[in-house]
1. Filter the range 124-165 for residues that are aliphatic (A, V, I, L, M) and farther than 19 Å from Ala11 by Cα; which is surrounded by the fewest Cβ atoms within 10 Å (Cβ to Cβ)?
2. Only residues that are part of a strand (DSSP E or B) and either over 24 Å from Glu20 (Cα atoms) or hydrophobic (A, V, I, L, M, F, W, C) (or both): list them for the range 65-81, please.
3. Taking the range 184-193 on its own, how many of its residues are surrounded by fewer than 24 Cβ atoms within 10 Å (Cβ to Cβ) and assigned to a helix (DSSP H, G or I)?
4. For the range 29-43, which residues satisfy the criterion of being in a helix (DSSP H, G or I) and either among the aromatic types (Phe, Trp, Tyr) or without any contact (Cβ under 8 Å) to a residue 12 or more places away in the chain (or both)?
5. If Phe87 meets every condition in (1) within 14 Å of the chain's Cα centre (by Cα); (2) over 20 Å from Ser124 (Cα atoms); (3) modelled with pLDDT of 95 or more apart from one, which number is that one?
6. Just the residues that are over 16 Å from Gly142 (Cβ atoms) and not charged (D, E, K, R), please, taken from the range 44-61.
7. Would you tally the residues in the range 70-84 being of a type outside the set (A, V, I, L, M, F, W, C), surrounded by 16 or more Cβ atoms within 10 Å (Cβ to Cβ) and closer than 16 Å to Asp44 by Cβ?
8. Would you check if there is a residue in the range 12-25 being farther than 27 Å from Gly181 by Cβ and either in a strand (DSSP E or B) or not basic (Lys, Arg) (or both)?
Amino acid sequence: MDLNVESHLGAVDRTVSSLERDGQAARAVTLARSYATTVEDLWDEVTKAERIARWFLPVSGDLELGGRYQFEGNAGGTITHCEPPSFLALTWEFGDDVSWVEVRLTEDGAGRARLALTHRALLSDQWAEFGPGAVGVGWEMGLLGMELHLTRPNEPKMDESTFHTTPDGKALLTGSSQAWGEAAIAAGTDPEIARAAARRPSTPASRSRRANAPPCGTPTVPAATAGR
């Protein structure tokens, strides 16, 4: 699969912010990307289990407000807000860790829709070691997978187990880590600390905790009728 690495890196807006959650220090990463589709279609892309599985992982559970969901081999949680076709929020639970995700969809000019995702988490050893890239890189790769699914619907999705070993995969992961380091600097992190964190290679454990798009909507769509 040939990818325009610079184009995909440049397609993402990244911001980092500091906040408190339940009286504890926390951080938030926000990333946004525009897609050549409608808000309604993009909503289906992130809420219908059949479509999620085509660019991320199989998902099960009660995909409705208040329901529990579980990604195969990855995170699960509770859907806390669901306002079609523009807003969803949920908990992101992996092991004993709980963080919080919000997704907002808006029109972005003729024939385009914009997805903005914010992931909030308490400060942790993982953040101290990897900075915002601890979650930002994984989300960015998820949004790339969505772009490829929308623009190349007949091609197989990326193989996450081998993608990071390919030249394009290495360039994208390195470029994303560096970009998140610069976003941390813009948010006030010491440049030396931020760039050191961005240079650290991720471990298998940290890669397994990468965040990706959550479900909130129709549990299944018959394959014979799925649009993509």
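1. So, considering only residues that are aliphatic (A, V, I, L, M) and farther than 19 Å from Ala11 by Cα, the one surrounded by the fewest Cβ atoms within 10 Å (Cβ to Cβ) is Ala128.
2. Those that are part of a strand (DSSP E or B) and either over 24 Å from Glu20 (Cα atoms) or hydrophobic (A, V, I, L, M, F, W, C) (or both): Arg68, Tyr69, Gln70, Phe71, Ile79.
3. Kept after step one, since they are surrounded by fewer than 24 Cβ atoms within 10 Å (Cβ to Cβ), are these residues of the range 184-193: 185-193.
Still in the running and assigned to a helix (DSSP H, G or I): 185-186, 191-193.
Within the range 184-193, residues that are surrounded by fewer than 24 Cβ atoms within 10 Å (Cβ to Cβ) and assigned to a helix (DSSP H, G or I) number 5.
4. Matches in the range 29-43: Trp43 only.
5. Among (1) within 14 Å of the chain's Cα centre (by Cα); (2) over 20 Å from Ser124 (Cα atoms); (3) modelled with pLDDT of 95 or more, Phe87 violates only (1).
6. Selection gives Ser60, Gly61.
7. Counting residues in the range 70-84 that are of a type outside the set (A, V, I, L, M, F, W, C), surrounded by 16 or more Cβ atoms within 10 Å (Cβ to Cβ) and closer than 16 Å to Asp44 by Cβ gives 0.
8. The answer is yes, given that some residue of the range 12-25 is farther than 27 Å from Gly181 by Cβ and either in a strand (DSSP E or B) or not basic (Lys, Arg) (or both).
The values are calculated or read from the model by the stated rules, or taken from the named source; none is laboratory data. Model, not experiment: these values are computed from the prediction. All Cβ positions, glycine included, derive from the backbone under ideal geometry; neighbour counts span all protein chains shown.
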